[in-house]
Amino acid sequence: MLTLVPRPESQEELNRVFERIESAIVKVAEEAPGAGMYAFAKAVESIFDSEGSEIGETWQPLSRVTEAERADFGYSGPMLYREGFLRRSLTDPSMGPQTIFVWEHGLMEDEKIPHQGGNTYTVEKGQGTTHLRFATLDDRFMALQGGRQQPNPMPGRPMVPGDEHGKMVGQTIDNDMRKLIDEILNG
């Protein structure tokens, strides 16, 4: 058996390396939620700006009735934008947390954490369920996001990235966290 014993100066350098690694881990744990909210907000802004084409789901044109209503009220901006409340509620951190990830692995249906308001988008992941919750107070969100059949048919206009668009948010978070780790370890 071979045993390596570091010299005192090597031990000091090893301790500095471990302190930088620990610092990086702590910093990533602190920064990841904010980075996630930022990435989600940027993805939503991109979807709004491209009217869905960013995620390959270009929004259908507004109906003549909706166009007339918008004209009557003086709204001339892009689709799904009247006063900006809906978009801001999904992208502006000052309006409350947009995303809260809740892992409900293995819980019975009646034991799941109750949703406390806002709209919910659910993504199935493995044996558990991840809920992507965002705090929009705009009652129109669910009908606009998914569309409706009754009383008047309306196509959905997806505004938030779903599970099939995970890379849109995940890659941004991953890149931000890698950059942060590199800065700490190499700085």
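The values are calculated or read from the model by the stated rules, or taken from the named source; none is laboratory data. Keep in mind the model is a prediction, meaning the values are calculated, not measured. Cβ coordinates were reconstructed from backbone atoms using ideal geometry, including for glycine residues, and neighbour counts include every protein chain displayed.
A count restricted to region 10-41 and to residues that are acidic (D, E) and at pLDDT 85 or above stands at 4. In region 9-67, how many residues are of a type in the set (S, T, N, Q) and closer than 30 Å to L144 by Cα? Going through region 9-67 one residue at a time, the tally reaches 7. Within region 149-185, being in a helix (DSSP H, G or I), more than 17 Å from E31 (Cβ to Cβ) and not basic (K, R) holds for D163, E164, H165, G166, M168. In region 1-45, which residue that is small (G, A, S) and without any contact (Cβ under 8 Å) to a residue 40 or more places away in the chain is farthest from R87 (Cα to Cα)? Going through the qualifying residues, I end up with S10.
Screening S63 on (1) more than 22 Å from the chain's Cα centre (by Cα); (2) on the phi > 0 side of the Ramachandran plot shows it passes everything except condition (2). Considering region 48-79, the residues that are assigned to a helix (DSSP H, G or I) and touching a Lys or Arg at 6+ places or on another chain (Cβ under 9 Å) include one that is farthest from G187 (Cα to Cα), namely F73. The C-beta contact set for region 161-187 (first residue closer than 25 Å to S53 by Cα, second residue in a helix (DSSP H, G or I) and at pLDDT 85 or above, distance under 6 angstrom, 6+ apart or interchain) comprises P161/A43; H165/I55; M168/A43; V169/A43. Selection of region 20-35 for residues being surrounded by fewer than 14 Cβ atoms within 10 Å (Cβ to Cβ) and of a type in the set (A, V, I, L, M) yields I21, I25, V26, A29.
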